[in-house]
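So the structure is just underneath, and the comments pick up after that.
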C-alpha cells in the first residue's frame, strides 16, 4: 500500500512539473480586448534556459494596435522602430546588467489604442539569451514557440476618446480581464488533475481490495 501511494505522489508531481514547463511561454496580456479601446498590454517573459540569462526582448507591434506609451523598467533600456508614418512597429528591451536569470521572469508594459476594425492581435516576440541564442515566439497556436494572441471583441463606441482617463481605466479593466482569463484557462488543467487523482485513488482501492 505504501509503495502504491509513493508511486501516486510521484505521478502527480510529474504532472505538475510538466504543466509548469508547458506554460512557460512569452505571452502578452490581456488575452482579450475591445475594438477602439485604449489598452495596457503586458509582455511576460520567463527565462527558461538553465545556464544562461535573457538579455534582450523584441516585440513586433502589429497593424491592429497603435502603441504610444512605454513604461520604464529598472535595469533595462528600450528603443523603438517606426515606419514612415511614425507608427511604432517594434520595441526592443535590453538588459543593462545580467538580465533575467533562469529562475526569473520579467514584465514589460506598453499602452496604446486598438484599431476600430481589429479582430485579433498577433504578437511576435524574440527572446535573446546571453549565449547568443534566440527563441522566436512566432509560431501558430499549438507550436513549441507560439506567438501570443489577443482576441479583439466588437466595440460599442464608448472608447473613442483620448487622454489619461481612458488609459487609467484600462489598467483596471486589464487586471480584471487577466484574472478572468487566468481562471478560465486554468479550468481544464484543474479538471485534469481531479480526474488523474480520482483514477489513482481507484487503482489504490482496487489493489487493496485484491489483497483483502
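The values are calculated or read from the model by the stated rules, or taken from the named source; none is laboratory data. Treat the numbers as computed from the prediction; the structure is a model and nothing was measured. Quick reminder, even Gly has a Cβ in these numbers, built from the backbone with ideal geometry, and neighbours come from all protein chains shown.
Table for the structure above
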read-out	value
Whichever residue in region 57-94 is buried (at least 17 other Cβ atoms within 10 Å of the Cβ) and either at pLDDT below 95 or over 15 Å from residue 112 (Cα atoms) (or both) and, among such residues, is farthest from the chain's Cα centre (by Cα)	76
Only one of 85, 150, 145 that is closer than 29 Å to residue 37 by Cβ and free of Cβ contacts under 8 Å to residues at least 24 places away in the same chain	85
Residue within region 17-24 that is buried (at least 17 other Cβ atoms within 10 Å of the Cβ) and out of contact with any helix residue (DSSP H, G or I) (no Cβ under 8 Å at 6 or more places or on another chain) present	no
